[in-house]
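What follows is a short report on a single structure.
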Amino acid sequence: AIGVTVFIYGLVSGIVKLDDLGLHLMQKKGQAFFNQLQRKVGQKILAFAPILMKTLSVVGTAAMFLVGGSIIGHGIPPIHHFSQQLAENLGNIPTFGSVLAFFSPILTDAVVGLVAGAVAVGIFTIGMQLLGKKH
């Protein structure tokens, strides 16, 4: 478990410093082929870094909704049983049943996470309005 944690933290720190690496490579001086190659690689890294960050923000947000929905769903027995029963029923459908059964708990977790998130945002917004504060 410690090795996985170290790997994840190292990966995240590498992603955070990606643009610094690109800038460092672009600032290399000289005409040698290797220096020109480093500058090109640096340009590509700098162009790729914002795309990676935007992608990770969307994927990370979706993952948080799924994880949150799963935690809530497992903590509320009727939701948990609904998800299990839905997967079982879909699994009985010929041809695509196993695929539908696989994805149905994921979809259930996503819906629960989105609903919980919407409720939380609604409560926060109403609370801020009642307190007369801007958010």
Problem set entry | Any pair with Cβ under 7 angstrom, 6 or more apart, that starts in the stretch 47-71 at a residue that is within 15 Å of V115 (Cβ to Cβ) and ends at one that is hydrophobic (A, V, I, L, M, F, W, C) and open to solvent by less than 40 Å² (accessible area, probe 1.4 Å) | F65/A110; L66/A110; G68/A116; G69/A110; G69/V112; G69/A116
For this session: Report whether or not H74 is in contact with a helix residue (DSSP H, G or I) (Cβ under 6 Å, 6 or more places away or on another chain) and open to solvent by 80 Å² or more (accessible area, probe 1.4 Å).
Result: yes
Seminar exercise, completed: Residue hits (the stretch 104-125; without any contact (Cβ under 8 Å) to a residue 40 or more places away in the chain and of a type outside the set (V, I, T)) are S104, P105, L107, A118, A120, G122, F124
For this session: Return yes or no: is G30 modelled with pLDDT of 90 or more and either small (G, A, S) or surrounded by 14 or more Cβ atoms within 10 Å (Cβ to Cβ) (or both)?
Result: no
Exercise. Is it the case that some residue within the stretch 100-107 is open to solvent by 40 Å² or more (accessible area, probe 1.4 Å), among the aromatic types (F, W, Y) and under 30 Å from I8 (Cβ atoms)?
Worked result: yes
Exercise. Does I51 qualify as being open to solvent by 70 Å² or more (accessible area, probe 1.4 Å), out of contact with any Lys or Arg (no Cβ under 7 Å at 6 or more places or on another chain) and over 16 Å from V12 (Cα atoms)?
Worked result: no
Problem set entry | Residue that is more than 25 Å from the chain's Cα centre (by Cα) and assigned to a helix (DSSP H, G or I), where the choices are K40, K28 | K40
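Test G127 against the criterion of being of a type in the set (G, A, S) and at pLDDT below 95, and give yes or no. Before the answer, list the steps.
Details: of a type in the set (G, A, S): yes; at pLDDT below 95: yes.
Yes.
The values are calculated or read from the model by the stated rules, or taken from the named source; none is laboratory data. The structure presented is a predicted model; accordingly, all values stated were derived computationally and were not measured. Cβ sites come from the backbone with ideal geometry, for glycine too, and all protein chains shown count toward neighbours. Heads up: the accessible areas ignore ligands, DNA and RNA and are worked out on the full protein's heavy atoms, side chains in. Shrake-Rupley method; radii C 1.70, N 1.55, O 1.52, S 1.80 Å.
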